[in-house]
Amino acid sequence: MKKLLLLVLVLLMLSACGVEEEPVAQEPHSEAEISSEPETETKKYGNLTVEITKEPDGNETVKVFDSEGKRVGIDYTSLRRARPHEAHVCSYVASFEGTERLYLYDENGVPYSEEVQAPNYYLLDENGIPVVDIAFEHFEIFENMNIDIRGNSKGNAYDFVKENGELVLAWKDESLESDWGNGFTYTHYYYNSHSWQYGLKKDEKVLFDNLYSGISLLFGDTVLLDLDCADGCKRMIADENGNILCDNKFEYIWFAPFDENSYIGTAGNGVDDRVEYLPVFDENGEPMPDGMWFIDKEGNIISERFEHIVLVFSKDKKVPWGVWEEMYCAKTAKVTFSDGTTEIIDISEYAKYY
């Protein structure tokens, strides 16, 4: 009996080892679970074509193309709902990977510009349509102000106001290029909606990039430059080919007409304590003293040192000066000597021909 039970047990174990389980049949998907094709709606807005694609899972994708059919790229993964103070202008803010030109400083505090990858922004309504056909590099949305949107793009600055439910361009300042004659072109560029800098080209060659807080062209061949560095301001004189003739030697440089064919130049240090200047040095690298001098258009000193110089202008007639201006001529100057005495002097000996 025991042998019979043992035999039955062995047979049962062998049967268990040799039998495979049959796979469980999967229930077929219902029609509701079978994915359908996405639906795409196309709309036009100004120069832009907007495609809104509704996916089967309920998500939506927005694609934007420019007038040449090039994708400028917006999708809802980069969208955010407008904040409460922005809602009166747009429903969404959409970003895509674009470029931005930055105003930067090197290790010595000298400014330079660089084009970098950076988000650009479209403002969209509730249907995914841009409220203005501009991709902003920077923007601000205002409430209860005289403007509703301020932004910049590709060196241009814009202000928009909302009228009858639509945004209307109220003001635009383009990345300016003005003809200054003699092959010179004056330029300026908005790095953001509040900051712009100036540059200069000659015969389409860039002499000075848009980095300067001020540029003047005198005598048809002399360039005055104001450069705001990280640690202070510097003044320079350059020639018509972009060569620096006088670099950070004076805090103050000014030219005025003596007559229609000649000029008076003045320069000084320690004149204006309202501005923070970089340290100034002469051609030998020695620190420049405070005071004022008469100079030529290349920045060379042509007089003794004075404590102060004030040009005295005639009121007879104005002569052409600079690019757009006219100025009265200076024939004399009130100078202050080192002992504190003052005198009105004739300055004809310091006059130089253009």
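Between Gly242, Gly151, Gly165, find the one with the highest GNM mean-square fluctuation for the chain; connect C-alpha pairs within less than 10 Å.
Its mean-square fluctuation being the largest, the pick is Gly165.
Where a Cα-Cα gap under 17 Å defines reach, which lysines qualify for Lys172, not counting those fewer than 8 residues away within the same chain?
The reachable lysines, counting only those whose Cα sits under 17 Å from Lys172, are Lys154, Lys162.
To the nearest 10 Å², what's Thr342's accessible area with a 1.4 Å probe?
Looks like 80 Å² after rounding.
Got a number for the accessible area of Leu169? Probe 1.4 Å, square angstrom, nearest 10.
For Leu169, the solvent-accessible surface is approximately 90 Å².
Could you check the simple spin-label distance between Val312 and Asp173, using points 7 Å along Cα→Cβ, in nm with one decimal?
Between Val312 and Asp173, the simple spin-label model gives 3.9 nm.
For Asp273 and Leu104, FRET efficiency with R0 = 30 Å and r from the beta-carbon atoms, rounded to 0.05? Don't skip to the answer; put the middle values down first.
Values: r = 29 Å, r/R0 = 0.95.
Step by step, r from the Cβ atoms, then E = 0.55.
Springs between alpha-carbon atoms under 10 Å, Gaussian network over the chain: tell me which of Tyr105, Tyr252, Tyr92 tops the mean-square fluctuations.
For the chain, modelled as a Gaussian network with Cα springs under 10 Å, the answer is Tyr105.
List the lysines whose Cα sits under 28 Å from the Cα of Lys352, skipping any in the same chain fewer than 8 residues away.
Cα-Cα hits under 28 Å: Lys201, Lys202, Lys234, Lys249, Lys297, Lys315, Lys317, Lys318, Lys331, Lys334.
Please give the calculated 222 nm ellipticity per residue for the chain, where each DSSP H segment of at least 4 residues contributes -39500 (n - 2.57) and the sum is spread over every residue; nearest 500 deg cm²/dmol? Working shown, then result.
Values: 1 runs with 17 residues, N = 354.
Theoretical 222 nm ellipticity from helices: -1500 deg cm²/dmol.
Computed FRET efficiency, Cβ-Cβ of Asn243 and Ser213, R0 22 Å: what is it to the nearest 0.05? Could you put the intermediate results ahead of the total?
Working: r = 21 Å, r/R0 = 0.94.
The computed FRET efficiency comes out at 0.60.
Mind ranking Trp196, Trp293, Trp324 by accessible surface for me, highest first, 1.4 Å probe?
Values: Trp196 105, Trp293 15, Trp324 175 Å².
Heavy-atom accessible area, descending, gives Trp324, Trp196, Trp293.
Which GluC sites (Glu not before Pro) does segment 107-213 hold that lie in a coil by DSSP with at most 11 other beta carbons within 10 Å?
Numbers: sites: Glu107, Glu114, Glu115, Glu126, Glu137, Glu140, Glu143, Glu163, Glu166, Glu174, Glu177, Glu204; in loops: Glu107, Glu126, Glu137, Glu143, Glu174, Glu204.
The qualifying sites are Glu107, Glu126, Glu143, Glu204.
Could you tell me which of Ile244, Ser262, His194 has its Cα farthest along the dipole of segment 146-268 towards the positive end, charges placed at Cβ (Lys, Arg +1; Asp, Glu -1), taken about the Cα centre?
Going by the Cα projections, it comes out as His194.
Could you please tell me the mean projected area of the C-alpha convex hull for the chain, averaged over all directions and given in square nanometres to one decimal?
Numbers: hull surface 153.6 nm².
Projected over every direction and averaged, the Cα hull of the chain covers 38.4 nm².
The values are calculated or read from the model by the stated rules, or taken from the named source; none is laboratory data. Predicted model only: the values in this text are computed from it and were never measured. A quick note on method: Cβ atoms are made from the backbone with ideal geometry, for glycine too, and the neighbour counts reach across all protein chains shown. Quick note on the areas: whole protein, heavy atoms, side chains included, nothing else; ligands and nucleic acids left out. Shrake-Rupley method; radii C 1.70, N 1.55, O 1.52, S 1.80 Å.
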